[in-house]
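First the structure, which I've put down as C-alpha cells, then a few questions once you've had a look.
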Amino acid sequence: MRTLNLFLTAALLASMSAAAQQAADSQPSAQPAAPDATQTAQPAPAAPDAAQPTQAAAAPDQTQPAQTQASQPAVIPPPAVVAAPTTMDQVVNLFIEREHGLIKMLSNRTPVVETYLQNLTADPQLGPVPSEDHYFLGRLDMGEIVDRKDYLKEEEKGMQARLLGGFTKLYKVQYQPMGFSWMVYADRTDFDREHYDFSYIRREFLGDVRCLVFDVKPKAKSGRGRFLGRIWVEDQDFNIVRLNGTYAPAPRNSYFFHMDAWRLNLIPGYWVPSYIYSEEGDFSAGVKNKLAFKAQTRIWGYDLKKSGKDDELTNIRVDSVKDESPTAQDASPLQAEREWQQQAEDNVVERLTSAGLLAPEGDVDHILQTVVNNLEVTNNIDLPRPVRTRVLLTAPLETFSVGNTIVISRGLIDVLPDEASLAAVLSHELAHIVLGHNLGSKYAFNDRMLFSDEGTYQNLGFKHIPEEEAAADKKAIELLKNSPYAQKLDNVGLFLKALQQKAPQLNALLTTHLGNPLAENGTIDRLSALAAQGPALDNSKLDQIAALPLGGRVKINPWNDHAEMVKTAPVAITSARDKMPFEVTPFYPRLARYGAGATNGAPTTAAANSTSGN
Ligand SMILES: [Zn+2]
C-alpha cells in the first residue's frame, strides 16, 4: 500500500523552496518587498459613508451544522450590526467602541505569546546581522490586567537577563517579555476622545481589505505611555486591523520601542491580535546608537481551554465502538508493551496540544509524512505502528520523537532550504524510532500529565543520551543514502555549514526545550558527517541558498493553532543582504475577511450555530 511518493512531495514542496530558489534569472525583480501589501491608496469606489455594514458582521448565516465536532469551540456572538456612519467623527466613535468590544471579548483568554529577538550588528557585506538572540515564551492573560506567565525556567530567565547586558538597566521595563506584547491593544484603559486626537489620512488596501487610515496622537497631559502612531480600520465593521507606532512619553530611564501590530479576522466580527514586529537601531553613518534589534512576537492559542476548566459534559462524545474481532483476547507481552508505549505517546501528544505547543494534525503533517514515507519505503522499513508527524508551534530549531510520533518545530521547517534537508532532520528521528530508542513510556502514567501548561518544559522532556544520538545519526545517514534524497545531500551539507556559521550568534534559536539540541556549545553536532559534504558556503553567490529566514513556510492560525504552508510568490534575490538566513523580518500578512477564501486558514466551525444554543 505504501508507495514512493516523491513527485507528490515535490509538488507540495514547490512552494517551500520557491522563495529562495532560482528566482533570480526569471523574475523582473522590481520590488523586493511584498507587492500586494504596498498597493496603497486605491481610489476607493465607495465613500466610507456608503460602506454598508448590512449583513457584514452577522454573516455566519451559512450555518453549517454539518461538520460538528466532538468539542465545539465556545461560540462567540459577533457584535451587533450598527448603522452606517455618515461622518469621520462617527467612524472614530465606531472603532473606539469596537476596540473596547475586542478587549472585552478577549478578556477571558490566555493565548500563548512568543517573542524571538535578534540583536543586530553591522556587517560590511551583509548589513545588519544578528549578533546574539533572545527568546521568550509564555501565556498572556488578557483579563483586566494584561499579564503573562512564562514557560521557561527561572534559571533560563536569569540567563537571559545576564545576556541582555547593559541594556537591562536602561531599558528595564520594556525589554522584559511583556513589553513586546504591549501593542495587542492601542491603549488598554483609555482609548477614547478624552485622551487622544484622531485625524483621518486616507483609504488604503491591506491585502484584500479596504481600510481607513487614521493618525492617533495623545492629547497634551493625558499621561505617560500613550499610543502614538497610525491605525488601519477596516471599512465594514470598523475594527482596527493594524497598529504602527510607539508609546509616549516614556517614563524616566526607560524607552518604548517601535512596533507594527497586525490582527486577523479569524472569527466573525472580530480581528484578533496575531503578529507584532518590533525594530530599533540605525546603521546610517555617524549614528552611535547601541540599541539595535529586531523581534517577532506571535500570539496563538486563543481558543485553548484555561487550564483547570472542565469540558462541558455536553461536549463529550463517547465513541461506542466495540472490538468485534474474533481473536479478541488479552494482549501478549510484546503487544502489551506496544499498547503501553502507544498510550504514553497519545498522552504526550494530547498534553502538548492542550498546552498550546503542538498544532492539531493537519496539512503540514501530510507533507512531513510523505517525506518520512519516502525514507521508509526505500529502506524497506516496516514498523508495527505507523510513524506520525506533528508541528511544534514554536520558533527554536528542534525535533524530537515521542513513541512513533516525530515532532518538528515551525522555526526549523521555516529555515530548511529544501526537501532533502527536511528529509535529513526527519531521518534522525526516524532512526531513533527504528532503533527502538523510545523515551516516552513513563508518560503512560496519567499523573505525569497533570501539571499546569506553564510547567510543560519542566515536566516533559525527550532528550537522548549521547550514545543514542550518535547511533541515530549513523543510522540516519544510512537511511538517507538509500533514499531518493541521496543525490541531494550536498544541500544538507550547505545547510549545516550555514547553521554552523551562525550558531555562535543564535544561542536562543538553538536552545531546545524538549528535544536534543542541534548544536552544543556553538558547534553543530547533528548529522555532522554530512557537514563536510557539498560546496563551500559563499554569501556572494546569489543562487546559493543555504538557509531561509524565519517565518517563510509555516503559518499558524492564532485562533485554533492549525498549521498550514504559506503561499508566497518568489521574490528575486538581488544582493547577499536579501538572503537573511535564520533571521526575523517584518510581518506582512495578506489580510482577508473571515470566510473569504482559505487564506487565513479560518476555522470552519468556530462560528457555526451562533444562535442555536445547545
Ligand atoms: Zn536525537
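Once the mean 1/r over all distinct Cα pairs of the range 374-533 is inverted, what Kirkwood radius in angstroms do you read off?
Working: mean 1/r = 0.0619 Å⁻¹.
Roughly 16.1 Å, rounded to one decimal.
Sorted from largest to smallest, which semi-axis lengths in Å does the alpha carbon gyration tensor of the range 441-517 give for its equivalent ellipsoid, taking the root of 5 times each eigenvalue?
Details: eigenvalues 195, 74, 21 Å².
Each semi-axis is the square root of five times an eigenvalue, giving 31, 19, 10 Å.
Give the Debye-formula value of log10 I(q)/I(0) at each listed q (0.13, 0.15, 0.20 Å⁻¹), with one equal scatterer per alpha carbon of the range 360-412, two decimals each.
Result of the Debye calculation: -0.32, -0.42, -0.71.
So, with a 1.4 angstrom probe, what is the percent of accessible area on the range 199-259 that is carbon and sulfur?
Working: 1190 of 2450 Å².
The C+S portion of the solvent-accessible surface of the range 199-259 is 49 percent.
Oh, and also: Could you tell me how far the Cα centroid of the range 470-523 sits from the Cα centroid of the range 365-410, in Å?
Using only Cα atoms to place each centre, the spacing works out to 16 Å.
For residue 519, which sequence-distant residues (separation of 5 or more, or a different chain) have an amide H within less than 5 Å of its own amide H, given hydrogens modelled in the peptide plane?
Those qualifying (amide H under 5 Å, at least 5 residues apart or on another chain) are 525.
Let me spell out the model: positive unit charges on the Cβ of Lys and Arg, negative unit charges on the Cβ of Asp and Glu, origin at the Cα centre of the range 185-268. What dipole size does that give, in debye rounded to 20?
Numbers: 14 positive and 12 negative charges, 85 e Å.
Roughly 420 debye for the range 185-268.
Next up: Using the basic label-point model (7 angstrom from Cα toward the beta carbon), what is the residue 189 to residue 435 distance in nanometres?
Between residue 189 and residue 435, the simple spin-label model gives 5.7 nm.
Dividing the Cα radius of gyration by the Kirkwood radius, what Rg/Rh value follows for the range 226-275? Write out the running numbers ahead of the final one.
Values: Rg = 13.2 Å, Rh = 12.1 Å.
Reported Rg/Rh, Kirkwood definition of Rh: 1.09.
Let me ask something else about it. Tell me the label-point distance for the pair residue 521, residue 452, using the 7 Å Cα-to-Cβ offset, in nm and rounded to one decimal.
Roughly 3.6 nm, to one decimal.
Full-extension gain between residue 121 and residue 540, please, as 0.36 nm times their residue separation minus the C-alpha to C-alpha distance.
That works out to 148.9 nm of additional length.
Then there's this: Sort 81-94, 481-494 by the packing proxy (mean of other Cβ within 10 Å over each peptide's residues), most packed first. Kindly include the intermediate steps, with their values, before the conclusion.
On the way: 81-94: 15.8, 481-494: 19.4.
Top to bottom by mean Cβ count within 10 Å: 481-494, 81-94.
Got a number for carbon plus sulfur as a percent of the range 338-465's accessible area, 1.4 Å probe? The partial results should precede the final answer.
On the way: 1820 of 3860 Å².
So the carbon and sulfur contribution to the accessible surface is 47 percent.
So what's the Cα pair-distance distribution over the range 482-607, bin width 5 Å, in %?
2, 9, 14, 16, 17, 16, 12, 8, 5, 2, 0
Going highest first, how would you order 102-111, 462-471, 542-551 by mean Cβ packing within 10 Å?
Working: 102-111: 18.3, 462-471: 14.8, 542-551: 21.2.
In descending order of packing, they fall as 542-551, 102-111, 462-471.
Just subtract the alpha-carbon distance of residue 217 and residue 330 from 0.36 nm times their residue separation and send over the number in nm, one decimal.
On the way: separation 113, 0.36 × 113 = 40.68 nm, distance 7.22 nm.
Additional length available on full extension: 33.5 nm.
Next up: Taking every alpha carbon pair in the range 74-134, what does the distance histogram look like in 10 angstrom bins from 0, in percent?
Going from the shortest bin to the longest, the percentages are 16, 25, 17, 18, 21, 4.
Ok, one more. P(r) tail for the range 541-586, what percent of Cα pairs lie past 15 Å? Kindly include the intermediate steps, with their values, before the conclusion.
Details: 547 of 1035 pairs.
Percent of Cα pairs beyond 15 Å in the range 541-586: 53.
Quick one: work out Rg over Rh on the C-alpha atoms of the range 179-273, Rh as Kirkwood radius. Kindly include the intermediate steps, with their values, before the conclusion.
Values: Rg = 13.5 Å, Rh = 13.9 Å.
Taking Rg over the Kirkwood Rh, I get 0.97.
The values are calculated or read from the model by the stated rules, or taken from the named source; none is laboratory data. The shown structure was predicted, so the numbers you read here are calculated from the model rather than taken from an experiment. A quick note on method: Cβ atoms are made from the backbone with ideal geometry, for glycine too, and the neighbour counts reach across all protein chains shown. All accessible areas refer to the heavy atoms of the entire protein, side chains included, with ligands and DNA or RNA removed. Shrake-Rupley method; radii C 1.70, N 1.55, O 1.52, S 1.80 Å.
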